[in-house]
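Engineer: Questions regarding the structure given below will be posed in turn.
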Amino acid sequence: MHRYYQPEIETASRETIRALQSERLVRTVRHVYENVPFYRAKMESAGVTPDDIRSVDDLHRLPFSCKQDLRDTYPYGLFAVPLKDVVRLHASSGTTGKQIVVGYTRHDLEIWSDCFARALVAAGASDEDIVHISYGYGLFTGGLGADLGAQRIGATTVPVSSGNTQRQITILRDFGSTVLCCTPSYALHIAEVLEEMGLTKDDIRLRAGIFGAEPWTNEMRRQIEQKLGLKAFDIYGLTEIVGPGVAFECEEQTGMHVNEDNFIVEVIDPETGEVLPEGTQGELVFTCITKEAFPVLRYRTRDVGVVSRGTCSCGRTLLKMTKPRGRTDDMLIIRGVNVFPSQIETVLIEKGYTANYQIVVDRANNTDLVEVQVEISREIFSDTVKNLTKKGRELEEALKSLLGIAVKVKLLEPNTLTRSTGKAVRVVDKRKLLD
Ligand code: ADP
Ligand code: ZN
């Protein structure tokens, strides 16, 4: 079995990667300056020309770009090649507003295939595997991104796309799929329906799962692994950069290796824009250095993470980023305290609940109120009212001691919350509707 898809890159020395990055950055900056009026204007107003960018060390001189820039130039304003050279369009899933559109040349699709192929090989996949893809194929990047990667390593792809979970399970079982690609919340739902159909993990042959596109905790990972009988790997990406495969996890499961030969990552202070040293938490910023059609410069993701360059037991030298705990926009501010949904998820699962939960935030008498709604099993639900109240109280206590603020808990009957086949909706912030 191969350990790496492209060992010459994945285990390259720091100097090799830096030299590659510098050369590619210089070329990309010139490319966008010459072909995208938006970047030229932005660089001009920042007083920078392509001649000022001679290596990775000059990266900080370039202006940032952000989602609003993509919306303002919708649909094709940031494309750096003529449309006739674009062979594919994708759009973001629009979690946080109007959708944005990105394009790929044939060369860009090749790079993307390589990125996802690295993720699959790191998860132990090869041409012997049957890869079941339940990420959406719509305009979302998940489905076709995984598809490209699976084809690249010569695996057998099963392009199921999302939805119709019973059918998904029949296919998993009948086709003998060995690798599953979908969002972690959908993986958990598949496990749930498997159980409802009277089946267990022994009726399917999954060995590995590549799950991403939304934040998820290690506690949720253990739950998926146990229920589906596989090893679960994280994968990170976003439409604006390329799609899934910007960073991928290895068997160590302690963060994702960034495909640094294609994307340069920086961590910044979201308030000041200042670049933070490795090991410090901040907003992740990416620069594409190999793409032709849609290379973004210093793109602010709003995702919060930490990057570090240590040695990894897998032998890869590519730097690692932590699982993003969510976007700066997902962070809730409750009575002045910062709360990430992932913190709540950790407590729920540690206390033996499922990841079927929702956080409802409201405001009454100028005070923020939080209600954590979580489903419990049928056995527990049929317990006495007294015991249920006690369970709820215990959970409230545990949440309070972790978050530092009081929240209310509501225990729900199984199957009350709507299941997502893509990205789960974790927060309903009613305060936003009031503003
Ligand atoms: P949208 O912005 O409409 O949701 P995308 O599909 O491009 O569209 O989503 C990319 C975003 O999904 C990332 O910026 C990040 O917030 C989230 N994401 C992707 N992969 C992961 C992951 N492995 N862990 C946490 N969040 C992720
Ligand atoms: Zn590793």
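Engineer: Consider region 235-256. How many of its residues are among the polar types (S, T, N, Q) and more than 8 Å from ligand 1 (Cβ to nearest atom)? Don't jump to the end; show me each part of the working.
Structural biologist: So the first thing to find is which residues in region 235-256 are among the polar types (S, T, N, Q), and the list is 239, 253-254.
If we keep only those that are more than 8 Å from ligand 1 (Cβ to nearest atom) as well, we get 253-254.
Here the count works out to 2.
Engineer: Quick one: count up the residues across region 119-151 that are open to solvent by 30 Å² or more (accessible area, probe 1.4 Å) and assigned to a helix (DSSP H, G or I).
Structural biologist: Counting residues in region 119-151 that are open to solvent by 30 Å² or more (accessible area, probe 1.4 Å) and assigned to a helix (DSSP H, G or I) gives 3.
Engineer: I want to confirm something. Restricting to region 226-264 and keeping residues that are free of Cβ contacts under 8 Å to residues at least 60 places away in the same chain and touching a Gly at 6+ places or on another chain (Cβ under 8 Å), which single residue is farthest from ligand 2 (Cβ to nearest atom)?
Structural biologist: Among those that are free of Cβ contacts under 8 Å to residues at least 60 places away in the same chain and touching a Gly at 6+ places or on another chain (Cβ under 8 Å), it is L228.
Rundown of residues vs (1) modelled with pLDDT of 95 or more; (2) crowded, with 17+ Cβ neighbours inside 10 Å; (3) within 11 Å of ligand 1 (Cβ to nearest atom), yes/no style:
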{"site": "R222", "(1), (2), (3)": "yes, no, no"}
{"site": "F233", "(1), (2), (3)": "yes, yes, yes"}
{"site": "V267", "(1), (2), (3)": "yes, yes, no"}
{"site": "T287", "(1), (2), (3)": "yes, yes, no"}
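Engineer: For region 196-224, give me the residue count where each residue is among the acidic types (D, E) and without any contact (Cβ under 8 Å) to a residue 12 or more places away in the chain.
Structural biologist: Residues of region 196-224 that are among the acidic types (D, E), as a first pass: 196, 202-203, 214, 219.
Subset that is without any contact (Cβ under 8 Å) to a residue 12 or more places away in the chain: 196.
Qualifying residue count, region 196-224: 1.
Residues checked against (1) away from ligand 2 (no atom under 16 Å from the Cβ); (2) assigned by TED's automatic domain parsing to the domain that holds I100:
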position	(1), (2)
R302	yes, yes
R309	no, yes
L318	no, yes
V337	yes, no
P341	yes, no
I349	yes, no
N356	yes, no
D368	yes, no
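Engineer: Would you call G352 within 19 Å of Q223 (Cβ to Cβ) and more than 15 Å from ligand 1 (Cβ to nearest atom)? Reasoning before the result, please.
Structural biologist: On the way: within 19 Å of Q223 (Cβ to Cβ): yes; more than 15 Å from ligand 1 (Cβ to nearest atom): yes.
It is true that G352 is within 19 Å of Q223 (Cβ to Cβ) and more than 15 Å from ligand 1 (Cβ to nearest atom).
Engineer: Let me ask something additional. Only one of these conditions is not met by T165: (1) out of contact with any strand residue (DSSP E or B) (no Cβ under 9 Å at 6 or more places or on another chain); (2) in contact (Cβ under 8 Å) with a residue 60 or more places away in the chain; (3) surrounded by 22 or more Cβ atoms within 10 Å (Cβ to Cβ). Which number is it?
Structural biologist: In the conditions (1) out of contact with any strand residue (DSSP E or B) (no Cβ under 9 Å at 6 or more places or on another chain); (2) in contact (Cβ under 8 Å) with a residue 60 or more places away in the chain; (3) surrounded by 22 or more Cβ atoms within 10 Å (Cβ to Cβ), T165 misses (3) alone.
Engineer: Which of the residues belonging to region 211-225 are in a strand (DSSP E or B) and either within 13 Å of ligand 2 (Cβ to nearest atom) or under 25 Å from G198 (Cα atoms) (or both)? Please lay out each step first, then the result.
Structural biologist: Start the filter on region 211-225 by keeping residues that are in a strand (DSSP E or B), which leaves 211-212.
Across region 211-225, the qualifying residue is only F211.
Engineer: Note down all Cβ pairs under 8 Å where the first residue falls in region 1-27 and is within 30 Å of A155 (Cα to Cα), the second is open to solvent by less than 50 Å² (accessible area, probe 1.4 Å) and of a type in the set (K, R), and they're at least six residues apart or on different chains.
Structural biologist: Partner pairs satisfying both residue conditions: Y4/R118; Y4/R316; Y5/R118; Q6/R118; E10/R118; E10/R316; T11/R316.
The values are calculated or read from the model by the stated rules, or taken from the named source; none is laboratory data. Model, not experiment: these values are computed from the prediction. Note: ideal-geometry Cβ built from the backbone for every residue, glycine included; neighbour counts use all protein chains shown. In case anyone asks, the SASA skips ligands and DNA or RNA and just uses the protein heavy atoms, side chains included. Shrake-Rupley method; radii C 1.70, N 1.55, O 1.52, S 1.80 Å.
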